[in-house]
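The values are calculated or read from the model by the stated rules, or taken from the named source; none is laboratory data. Note that the coordinates shown come from a computational prediction; the quantities given were computed from them, not determined experimentally. A quick note on method: Cβ atoms are made from the backbone with ideal geometry, for glycine too, and the neighbour counts reach across all protein chains shown.
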Amino acid sequence: MTAGVVVTGLGLVTAAGVGTEPTWRGVCAGAATAATDPALAGLPVDFSCRVPEFDVRALLGRRATLQYDRFTQLGLIAAQEAVADAGLDPATWDGTRVGVVVGNGVGGAGTWETQHEQFRDNGPEMVSSLLMPMLIPNMVAGHMGIRFKATGPNLVTATACASGATAIGVARDMLRQGVCDIVLTGGTEAAVVPLIVTGFSRMRALSNRTESPASASRPFDAGRDGFVIGEGSGILVLEREEHARARGARVRARLVGYGASADAYHATAPDPAGTSVERAVRTALADADAAPSDVDHVNAHGTSTPLNDLAEATVLTRCLGAGPAVTSTKGVLGHTLGAAGAIEAALTVLTIENGLIPPTANLESQDPEIDLDIVAKEARRGRVDLALSNSFGFGGQNVVLAFAAG
């Protein structure tokens, strides 16, 4: 019999707030967080969804301001909350049975920019000796292992904007195979820096609503014109169900399905036929031993780009019909790139727990080509027994996670 995998802890750091509670409140209120960003002043697109100011020293210690890039800081803060939420104590657990799998798309973008400026303006002697450990993407998982005394498998997944969801799927497989009893998993990203934003802008991937940033991210809306870049982290504690039940843990939800595929179509554009996305959806359902009619809710990838939203909607209609209530929380939080899949997985767990589906912010006029039941204007109450969380990334990488009530 395949081992069950459950979610016992959640940690979130997003533009809606530092912590799960403020994030959940903001998402359920549909309160868009996009605002003009002083760090992006002078760029064609000068707004973002940035995490509110927080005291790094108070949350992580004095050295954190010097040793960790922001993407690592966000990941560690979310992980601390998730571990505490799960009722776990790293001082007492068997670290050899605890793994870490974290998704990240860009790595230490802020460190890269600031240290390049030092090199260019002041010479090589002024480059930090900590450049490499702050920059490289795997260090967020490495530092989680150090901080939480987790000596099991330790890695970072990089599947662009599907990275966080891929990490959760890989963690699930580790638990099913008996490699670990506990895995800290999810995603983190802090790429709201001028060079990265300029790159997306040059691709015409970003919304240009500079006159009204708060209304710029509008998934599935007829007037959508691109995504709004954000930052954040979502970390989940996954456990083998047997292990969690034995220690009397609170089970927040069960991770029952995982489907992954590649479009093999285009570097950045989704395959309009959606063949591989459909396969990921159907694989996740088969893994969950569920029928399409069993799905109550979909937390969609829903980036607010013209091509992605239509392609995803077409596949969801083909696979699931018009039955499930669909939402995209990117209308509130923006697109957090490699962290998005993990943040949205955590929000899907909260939706199941609370019987409350957050609204899709800024959905004023649904695209007439999109035939889905999209939750808009206000959160919708209703029992959710099975939900899907979709994530897609550049390179045509697709991940679908299926969560069920605990």
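Observations on the model:
- Test: THR327 is hydroxyl-bearing (Ser, Thr, Tyr), in contact with a Gly (Cβ under 6 Å, 6 or more places away or on another chain) and at pLDDT 95 or above: no
- Within the set GLY382, GLY406, the sole residue that is more than 13 Å from VAL298 (Cβ to Cβ), in contact (Cβ under 8 Å) with a residue 60 or more places away in the chain and either surrounded by 21 or more Cβ atoms within 10 Å (Cβ to Cβ) or out of contact with any strand residue (DSSP E or B) (no Cβ under 6 Å at 6 or more places or on another chain) (or both) turns out to be GLY382.
- Among the residues making up segment 290-310, those that are in contact with a strand residue (DSSP E or B) (Cβ under 8 Å, 6 or more places away or on another chain) and assigned to a loop (DSSP other than H, G, I, E, B) are ALA290, VAL295, ASP296, ALA300, HIS301, GLY302, THR303, SER304, THR305.
- With respect to being over 21 Å from VAL13 (Cα atoms) and under 21 Å from the mean Cα position of the chain (by Cα), SER207 fits the description.
- Within the set VAL5, VAL106, VAL102, VAL83, the sole residue that is within 16 Å of the chain's Cα centre (by Cα) and farther than 25 Å from VAL127 by Cα turns out to be VAL102.
- Matching option when the condition is in a loop (DSSP other than H, G, I, E, B), among the small types (Gly, Ala, Ser) and either modelled with pLDDT of 95 or more or out of contact with any helix residue (DSSP H, G or I) (no Cβ under 7 Å at 6 or more places or on another chain) (or both), among GLY152, GLY169, GLY164: GLY152
- Among the candidates GLU369, GLU353, residue that is surrounded by fewer than 24 Cβ atoms within 10 Å (Cβ to Cβ), modelled with pLDDT of 95 or more and either part of a helix (DSSP H, G or I) or in the same structural domain as THR157 (by TED's automatic domain parsing) (or both): GLU353
- Any hit, segment 230-241, residues being under 30 Å from HIS116 (Cβ atoms), more than 19 Å from the chain's Cα centre (by Cα) and assigned to a helix (DSSP H, G or I): no
- Checklist (1) surrounded by 24 or more Cβ atoms within 10 Å (Cβ to Cβ); (2) of a type outside the set (Gly, Ala, Ser); (3) part of a helix (DSSP H, G or I) applied to THR185, failing item: (3)
- Any hit, segment 70-87, residues being in the same structural domain as ALA191 (by TED's automatic domain parsing) and more than 29 Å from VAL179 (Cβ to Cβ): yes
- Selection count, segment 316-340, where residues are under 16 Å from ALA387 (Cβ atoms) and in contact with a Phe, Trp or Tyr (Cβ under 9 Å, 6 or more places away or on another chain): 2
- Filter result for the condition that a residue is under 25 Å from PRO358 (Cα atoms), surrounded by 23 or more Cβ atoms within 10 Å (Cβ to Cβ) and either outside the structural domain of HIS143 (by TED's automatic domain parsing) or of a type in the set (Gly, Ala, Ser) (or both), over GLY19, GLY26, GLY11: GLY11
- Residue that is surrounded by the fewest Cβ atoms within 10 Å (Cβ to Cβ) [pool: residues in segment 160-169 that are closer than 20 Å to LEU285 by Cβ and out of contact with any Leu (no Cβ under 8 Å at 6 or more places or on another chain)]: THR166
- Single residue of ALA273, ALA313, ALA214, ALA286 found to be in contact (Cβ under 8 Å) with a residue 40 or more places away in the chain, of a type in the set (Gly, Ala, Ser) and either assigned to a loop (DSSP other than H, G, I, E, B) or closer than 17 Å to SER389 by Cα (or both): ALA313
- Of residues in segment 147-159 being over 18 Å from GLN73 (Cα atoms) and over 17 Å from the mean Cα position of the chain (by Cα), the one surrounded by the most Cβ atoms within 10 Å (Cβ to Cβ): GLY152
- Checked against (1) in contact with a Pro (Cβ under 7 Å, 6 or more places away or on another chain); (2) within 28 Å of ALA269 (Cβ to Cβ), LYS377 passes all but condition (2).
- Some residue of segment 254-262 being more than 25 Å from TRP24 (Cβ to Cβ), of a type in the set (Val, Ile, Thr) and touching a residue at least 60 places away in the same chain (Cβ under 8 Å): no
- Failed item, numbered, when CYS180 is tested on (1) under 22 Å from the mean Cα position of the chain (by Cα); (2) buried (at least 17 other Cβ atoms within 10 Å of the Cβ); (3) in contact (Cβ under 8 Å) with a residue 60 or more places away in the chain: (1)
- Subset of segment 132-146 (residues that are surrounded by fewer than 22 Cβ atoms within 10 Å (Cβ to Cβ) and of a type in the set (Gly, Ala, Ser)): GLY142, GLY145
Yes or no, residue by residue, for (1) of a type in the set (A, V, I, L, M); (2) assigned by TED's automatic domain parsing to the domain that holds ALA376; (3) within 15 Å of ALA402 (Cβ to Cβ):
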| position | (1), (2), (3) |
| --- | --- |
| VAL197 | yes, no, no |
| GLU242 | no, no, no |
| VAL281 | yes, yes, yes |
| ASP289 | no, yes, yes |
